[in-house]
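The values are calculated or read from the model by the stated rules, or taken from the named source; none is laboratory data. Just so it is clear, the structure is predicted and the values come from calculations on it, not from any experiment. Glycine gets a Cβ as well: all are built from the backbone with ideal geometry, and neighbour counts include every protein chain shown.
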Amino acid sequence: MIKESRNSKSSTANIIASGDKDRYWKRILIIDDSSDITTTFKIGIENNNINSDKKIDAHTYNDPRAVLLDFEPDVYDLLLIDINMPYINGFQLSERILEIDINVKICYMSSGEINRDALREVHPSISLGCFMRKPVSIDYFIGRVIAELE
């Protein structure tokens with residue numbers, strides 16, 4: 001079983017300082033309360049890295065509260081955030097993350113529909129530019145991630 005990434009402040013600094021940043025084209029963070037989903041997406045990214053010049057470093061979390069404890073600015077190029085999570089929903093999480101790093105791109109994921117008008121009323125600072133409706137095929141997921149990173 002793949003364990004959830006727990007990038008403490010020191011380990012995040014070590015990732016960047018160790019030269020790993022040079023090995024990868026981009027770095028993403030996948031946040032979903034389902035470990036099956038984060039594991040599947042992470043393995044899909046890692047398998048795609050084998051035959052790609054654009055290698056993506058994928059980190060995962062299954063608890064949005066842990067993300068808030070560990071998140072640092074200028075580490076990730078793209079966040080993939082599930083909307084429906086316990087403790088704090090994906091929109092609330094993204095608002096708090098954007099207070100830390102205004103430049104990070106965010107792509108939302110959900111198995112349900114989104115009422116964009118209601119979203120604007122409740123979370124006026126949220127832009128729903130990237131949205132993936134689950135379930136998705138790994139090929140679609142990887143293609144969408146690469147498109148968002150380019």
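Contact map, the range 89-110: residues that are in a helix (DSSP H, G or I) paired with residues that are among the acidic types (Asp, Glu), Cβ distance under 7 Å, separation 6+ or inter-chain. Pairs shown: 90/82.
If residue 113 satisfies all but one of (1) modelled with pLDDT of 95 or more; (2) over 17 Å from residue 148 (Cα atoms); (3) part of a loop (DSSP other than H, G, I, E, B); (4) charged (D, E, K, R), what's the number of the condition it fails? Single failed check for residue 113: (1).
When the residues of the range 50-69 are narrowed to those that are buried (at least 18 other Cβ atoms within 10 Å of the Cβ) and not β-branched (Val, Ile, Thr), which ends up nearest to residue 88 (Cα to Cα)?
Initially, the range 50-69 is screened for residues buried (at least 18 other Cβ atoms within 10 Å of the Cβ), giving 56-62, 64, 67.
Then keep just the ones that are not β-branched (Val, Ile, Thr); that gives 57-59, 61-62, 64.
On the way: 57: 25, 58: 22, 59: 19, 61: 13, 62: 12, 64: 7 Å.
My answer is 64.
Of all residues in the range 70-86, none are in a helix (DSSP H, G or I), over 20 Å from residue 147 (Cβ atoms), under 14 Å from the mean Cα position of the chain (by Cα) and not acidic (Asp, Glu).
Please tell me if residue 15 is outside any strand (DSSP E or B), of a type outside the set (Lys, Arg), at pLDDT 95 or above and out of contact with any Leu (no Cβ under 8 Å at 6 or more places or on another chain).
No; evaluated as a whole, the condition is false for this residue.
Contact map, the range 52-80: first residue under 18 Å from residue 24 (Cβ atoms), second residue polar (S, T, N, Q) and surrounded by 16 or more Cβ atoms within 10 Å (Cβ to Cβ), Cβ cut-off under 6 Å, separation 6 or more or different chains; pairs are 55/49; 59/5; 60/5; 60/38; 72/12; 75/12. When you go through (1) at pLDDT 95 or above; (2) closer than 21 Å to residue 145 by Cα; (3) within 14 Å of the chain's Cα centre (by Cα); (4) not basic (Lys, Arg) one by one for residue 4, which number turns out not to apply? It fails just one condition, (1). Determine whether the range 29-47 contains at least one residue that is modelled with pLDDT under 95, touching a helix residue (DSSP H, G or I) at 6+ places or on another chain (Cβ under 9 Å) and assigned to a helix (DSSP H, G or I). Checking the range 29-47: not a single residue is modelled with pLDDT under 95, touching a helix residue (DSSP H, G or I) at 6+ places or on another chain (Cβ under 9 Å) and assigned to a helix (DSSP H, G or I).
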